[in-house]
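Have a look at the structure below before the remarks.
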Amino acid sequence: MTSLGERLADRIRRDGPIGVDMWMSECVAAYYAARDPFGRGGDFVTAPEISQMFGELLGLWTADLVARAGAAAFDLVELGPGRGTLMADMLRALRSAGTPVAGVHLVETSPALRALQANAAPGAVWHDGIDSLPAERPLIVIANEFFDALPIRQQVFADGNWVERRVTLDGDRFAFAPAGDRIRETSPVRDDVMASLAHRIVAQGGAALVIDYGYSGPLEGDTLQALRGHKAVDPLDAPGEADLTAHVDFAALADAAKGTRVSPLATQGAFLTALGIDIRAERLAHGLDAEGRHAVASARRRLVAPQAMGELFKVLAVTHPGWPVPAGFGS
Ligand code: SAH
């Protein structure tokens, strides 16, 4: 058993079964604390790691929104920046658009990833959470595959009632209890993060852009999943060694974003296409050899094709009600 597994087992023996939310937050914190899980040799690949086009388009999305809002200055915030690739690509695009960024603020708890982010975004300021973000200027907040890492709670339908689903010990193995086929999920932590962001945006101006895999709930089903070496594994196996996530309920996030203007929910494919990924891909491929052109085309396809990331991944923007409607969501 992993050392986190030993600790969680001790806690369960001492205090009884623990909620799925506690299980998830302990596993996610241990998982990210010491490793760089991204890329081919890691456990999973995210959109900014597939192609620079992703971050560049989000940079231009920001430049366009800030220009149309007539904002004199803004702070750029990223939640869970991973390797920092997305921020580096955004900053390059913002520079080429001539859009000055007052400050770059990264919300990240992993020491290992903070070190990587420092190389990608020199001069950035780190935060453990939303509360310490600056309050002087409008905020543009980007969160790609961040909310899926925040803990969920699960309820299971057992003996005619919805009850909390917990992790317990069955001998020396972890197991879910009670048993039951019908499961539903909530995430007070995600709702709180979105409510704080909305509060800031209403007070300061700006917008938050959330990109993640998910659905528009309420929906029944168990979406807790664990990935290790690009393969699905049991979420109760080897705690802290696999990436534990759950699908994001975008309807719940929209509900939590009180006082803001909430965009329609777009698919990642439709959003990136509306922002001009086809033109960007053509430009990038121009002058490359056959292999290079093929790489750009296949990256574009992975980001937008319905059978790849294009439909599973959704995009939601919440904006200060006095700000213009952000690009990418149709008219
Ligand atoms: N946005 C990046 C990485 C996504 S992985 C990309 O697209 O490549 C999730 C990121 O969120 C990691 O950087 C992880 O360390 C961070 N993270 C997870 N839980 C967190 C929490 N509770 N607070 C702050 N950051 C967290």
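Which of the residues spanning the stretch 1-37 are of a type outside the set (A, V, I, L, M), at pLDDT below 95 and surrounded by fewer than 20 Cβ atoms within 10 Å (Cβ to Cβ)? Selection gives THR2, SER3, ARG35, ASP36.
Pairs meeting the criteria (first residue in the stretch 98-117 and assigned to a loop (DSSP other than H, G, I, E, B), second residue more than 9 Å from the ligand (Cβ to nearest atom) and of a type in the set (Val, Ile, Thr), beta carbons under 7 Å, at least 6 apart or on different chains) are THR99/VAL66. Checked against (1) crowded, with 21+ Cβ neighbours inside 10 Å; (2) touching a Leu at 6+ places or on another chain (Cβ under 7 Å); (3) closer than 30 Å to ALA198 by Cβ, ARG280 meets all criteria but (3). Among the residues of the stretch 126-157, those identified as surrounded by fewer than 18 Cβ atoms within 10 Å (Cβ to Cβ) and either at pLDDT below 95 or under 16 Å from GLN204 (Cβ atoms) (or both) are HIS127, ASP131, SER132, PRO134, ALA135, GLU136, ARG137. Selection of the stretch 31-62 for residues being more than 16 Å from the chain's Cα centre (by Cα), of a type in the set (A, V, I, L, M, F, W, C) and either closer than 18 Å to VAL189 by Cα or not in a helix (DSSP H, G or I) (or both) yields only ALA34. Residue count for the stretch 91-147 satisfying the condition of being among the acidic types (Asp, Glu) and more than 9 Å from the ligand (Cβ to nearest atom): 2. Residues in the stretch 308-326 that are under 17 Å from ALA246 (Cβ atoms) and either among the hydrophobic types (A, V, I, L, M, F, W, C) or assigned to a loop (DSSP other than H, G, I, E, B) (or both): LEU312, PHE313, LEU316.
For the stretch 1-30, the tally of residues that are assigned to a loop (DSSP other than H, G, I, E, B) and within 14 Å of the ligand (Cβ to nearest atom) stands at 0.
Of the residues making up the stretch 309-331, those that are more than 14 Å from ALA257 (Cβ to Cβ), modelled with pLDDT of 95 or more and surrounded by fewer than 17 Cβ atoms within 10 Å (Cβ to Cβ) are GLU311, LEU312, GLY322, PRO324, VAL325, PHE329. You will find that of ASP278, ASP255, ASP249, the residue that is of a type in the set (Asp, Glu) and either within 16 Å of the ligand (Cβ to nearest atom) or free of Cβ contacts under 8 Å to residues at least 60 places away in the same chain (or both) is ASP278 and no other.
For the stretch 1-52, the set of residues classified as of a type in the set (Val, Ile, Thr), touching a helix residue (DSSP H, G or I) at 6+ places or on another chain (Cβ under 7 Å) and over 19 Å from ALA232 (Cα atoms) consists of ILE18, ILE50, listed by residue number. A single member of ARG68, ARG83 is more than 15 Å from the ligand (Cβ to nearest atom), out of contact with any Cys (no Cβ under 8 Å at 6 or more places or on another chain) and of a type in the set (D, E, K, R), and it is ARG68.
Here's the yes/no breakdown for (1) surrounded by fewer than 17 Cβ atoms within 10 Å (Cβ to Cβ); (2) under 27 Å from GLU136 (Cβ atoms); (3) in contact with a Leu (Cβ under 9 Å, 6 or more places away or on another chain); (4) of a type outside the set (D, E, K, R):
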position	(1), (2), (3), (4)
ARG166	no, no, no, no
ASP170	yes, no, no, no
PHE174	no, no, yes, yes
GLU185	no, no, yes, no
VAL210	no, yes, yes, yes
ASP222	no, no, no, no
LYS231	yes, no, no, no
PRO235	no, no, yes, yes
HIS247	no, no, yes, yes
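The values are calculated or read from the model by the stated rules, or taken from the named source; none is laboratory data. Just so we're clear, the structure is a prediction, and the values are computed from it rather than from any experiment. Neighbour counts are summed over all protein chains in view; Cβ atoms, including those assigned to glycine, are modelled from backbone coordinates with ideal geometry.
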